[in-house]
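Please treat every number below as a calculation from the coordinates, not as lab data. All of these numbers come straight from a predicted model, not from anything done at the bench. As a convention, Cβ positions derive from the backbone with ideal geometry for all residues, glycine included, and neighbour counts pool all protein chains shown.
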Amino acid sequence: MKVDEIKVCILRMEGTNCEQETYDAFKRLGASPEFVHLKQLEGRDTLDGERRSLQDFHILMFPGGFSAGDYIRAGAIFAARLKASVAGDLVRFIDEGKAIGGFCNGFQLMVELGILPAFDCTMAAQPQAVLHANDSGRFECRPTVLKHVNEGKCVWTSGSKKGELRYIPCAHAEGKFMLPHESQEKEDALYHRLFDEDRVVFQFSDPSGDTSAQYPFNPNGSRFNIAGITNDLGTVFGMMPHPERVFFRNTHPDWYRRRIGSEEGDGRAIFRSVLDYVVRKF
């Protein structure tokens, strides 16, 4: 498959607001993205020819924003509507090896859907984790340093070396990744499982690469500074910071001061990696 044949579904609904940057990132790399409203997948309130099926696409993207106003919980309403209408199609999409990505609100939505972390399943009946309110109790919009810690499972970061640091901004109020706490022993076992199965993709760090550094380097207080994870196949990937906002170097907050010559921003490799995967896979 050629890159220009890759069809990317940029799924949106009322409240999403990062779809344009996500669309542009894929378009600039030569793919064929399309804005798709949730109603087009649901098959309601659409005109003839506007109905869409997930099977028409190779990549599904959940952009950032505040879907449905983040009422109840961030991403909960968007997830509930998807699960009620296209749950079977989503499971099939994942089982076929197609790629799903979500940034910020998209990550929150994926956790609510049960497709992350997805222990022992493709889609859990109930959420297996939560993106909780930041420890600071406020919306955090700041540059963050991410350390790529994946050994190679995640297809979205296959073009990055383990240990690389990437400078990617965050903007969220509910980004603290948390696993269930039935007991400290069981909770610890789940976190260790994520690492043992190579499911943790990014951790927040300080500029030296220390992934134990706390606030403000970790903007939300997540345990082990977890910033992004993948499923067992490595095809479903969610992260809290926004790589689509640093596709170019001159959108980095330190660009003018550092005068870095390369035009490539630290987020571009994520989009390029998943396109490379689809080219090889299909």
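Give the residue from G43, G69, F26 lying farthest towards the positive end of the charge dipole for the chain; charges sit on Cβ (+1 for Lys and Arg, -1 for Asp and Glu) and the dipole is referred to the Cα centre.
Towards the positive end, the residue furthest out is F26.
Pick from M123, M239, M13 the residue whose mean-square fluctuation is largest in a GNM of the chain, springs joining Cα atoms under 10 Å.
For the chain, modelled as a Gaussian network with Cα springs under 10 Å, the answer is M13.
What's the magnitude of the charge dipole for the chain around its Cα centre, counting Lys and Arg as +1 and Asp and Glu as -1 at the beta-carbon? Answer in Debye, nearest 20.
600 debye
Per residue of the range 116-132, what does 6.51 cos²θ - 1.76 cosθ + 1.60 with θ = phi - 60° give for ³J(HN,Hα)? Whole Hz please, x for Gly and Pro, Karplus curve as stated.
Here the 3J(HN,Hα) series is 9, x, 6, 5, 6, 6, 8, 9, 6, 5, 10, x, 9, 7, 8, 9, 8 Hz.
Which order results if S183, S67 are arranged by neighbouring Cβ count within 10 Å, fewest first?
Ordered from fewest to most neighbouring Cβ atoms within 10 Å, S183, S67 come out as S183, S67.
Just want the ordering: W255, W156, from fewest to most Cβ atoms lying within 10 Å of their own Cβ.
Lowest count first: W255, W156.
Could you give the alpha-carbon Rg of the range 1-118 over 2.2 N^0.38 Å, rounded to two decimals?
Taking the Cα Rg and dividing by 2.2 N^0.38 Å, one obtains 1.00.
Among V8, L179, G102, pick out the residue whose Cα is farthest towards the positive end of the charge dipole of the chain, where Lys and Arg carry +1 and Asp and Glu carry -1 on C-beta, about the Cα centre.
Projecting each Cα onto the dipole axis, the largest value belongs to V8.
By counting other Cβ atoms within 10 Å of each Cβ, how are E182, E140 ranked from fewest to most?
The order, fewest Cβ neighbours first, is E182, E140.
Sum -39500 (n - 2.57) across every DSSP H segment of at least 4 residues in the chain, then divide by the residue count to get the 222 nm mean residue ellipticity, nearest 500.
-8000 deg cm²/dmol
What is the gain in length, in nm to one decimal, between D254 and D48 on full extension, counting 0.36 nm per residue of separation less the C-alpha to C-alpha distance?
Gain on extension, D254 to D48, equals 69.4 nm.
Of S85, P241, V130, whose Cα points farthest to the positive end of the dipole of the range 3-281 (charges on the beta-carbon: +1 Lys, Arg; -1 Asp, Glu; origin at the Cα centre)?
The residue sitting farthest along the positive end of the dipole is P241.
How big is the dipole moment of the range 1-159 about its Cα centre under a simple scheme where the beta carbon of each Lys and Arg is +1, that of each Asp and Glu is -1, and everything else is neutral? Debye, nearest 20, please.
My answer is approximately 180 debye.
In terms of the Cα gyration tensor, with a ≥ b ≥ c the square roots of its eigenvalues, is the chain rounded because a/c is under 1.5, prolate because a/b exceeds b/c, or oblate?
Here the chain falls in the rounded category.
With θ set to phi - 60° and the Karplus curve 6.51 cos²θ - 1.76 cosθ + 1.60, what are the ³J(HN,Hα) couplings of the range 211-222 in order, to the nearest whole Hz, using x for Gly and Pro?
Per residue, the Karplus-derived 3J(HN,Hα) values read 8, 9, 5, 9, 3, x, 5, 9, x, 10, x, 4 Hz.
Pick out which of H172, H148, H181 has the largest mean-square fluctuation in a Gaussian network model of the chain, springs linking Cα atoms closer than 10 Å.
Comparing H172, H148, H181 in a Gaussian network model of the chain, the most mobile one is H181.
From the phi of every residue in the range 83-92, what ³J(HN,Hα) in whole Hz does the Karplus formula 6.51 cos²θ - 1.76 cosθ + 1.60 yield, where θ is phi - 60° and glycine or proline is x?
So the J values, rounded to whole Hz, are 5, 6, 10, 9, 4, x, 5, 5, 4, 4.
Rounded to whole Å and sorted largest first, list the principal axis extents of the Cα atoms in the range 1-46.
For the range 1-46, the Cα spread along each principal axis is 33, 22, 10 Å.
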